[in-house]
């Protein structure tokens, strides 16, 4: 019986240690995780900036921000974002094709949840045909 209690105590000790380490990790808090551009004219690139705060205790380091298609370009804070500070991810969408769009962008970091997906959505509308 004592062995079982000792084993349970050791397992609980490891569990608490592991959870305490996770609580130290950086954590994203975005102002918005999905941006709707609404209707945009074809051929006009549009840009938005996702702002986030590191609400964890350790510095947050973005290692990659990867759009899922070549029509989207990402630029992001390259320096570590200290606890309580803000960083940005700038997304530019090339509105070349007239159609609705929903583009996920995968953000990889050292946060407690290492991959986060943000989205841009909207509809590219064709320019009216010009009459000459």
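Restricting to segment 27-39, what's the tally of residues that are buried (at least 16 other Cβ atoms within 10 Å of the Cβ) and modelled with pLDDT of 95 or more?
Qualifying residue count, segment 27-39: 2.
Working carefully through the options 120, 89, 105, find the one that is surrounded by 15 or more Cβ atoms within 10 Å (Cβ to Cβ), in contact with a strand residue (DSSP E or B) (Cβ under 6 Å, 6 or more places away or on another chain) and closer than 19 Å to residue 56 by Cβ.
None of the other options fit; the residue is 89.
Looking for something surrounded by fewer than 16 Cβ atoms within 10 Å (Cβ to Cβ), more than 14 Å from residue 114 (Cα to Cα), under 17 Å from the mean Cα position of the chain (by Cα) and at pLDDT below 95 - is there at least one such residue anywhere in segment 45-53?
Checking segment 45-53: not a single residue is surrounded by fewer than 16 Cβ atoms within 10 Å (Cβ to Cβ), more than 14 Å from residue 114 (Cα to Cα), under 17 Å from the mean Cα position of the chain (by Cα) and at pLDDT below 95.
Which of the residues belonging to segment 55-80 are under 14 Å from the mean Cα position of the chain (by Cα), assigned to a strand (DSSP E or B) and in contact (Cβ under 8 Å) with a residue 40 or more places away in the chain?
60, 62, 63, 64, 65, 66
The values are calculated or read from the model by the stated rules, or taken from the named source; none is laboratory data. Because the structure is a prediction, the values reported are computed rather than measured. Counting neighbours? That spans all protein chains shown, and the Cβs are built from the backbone with ideal geometry, glycine included.
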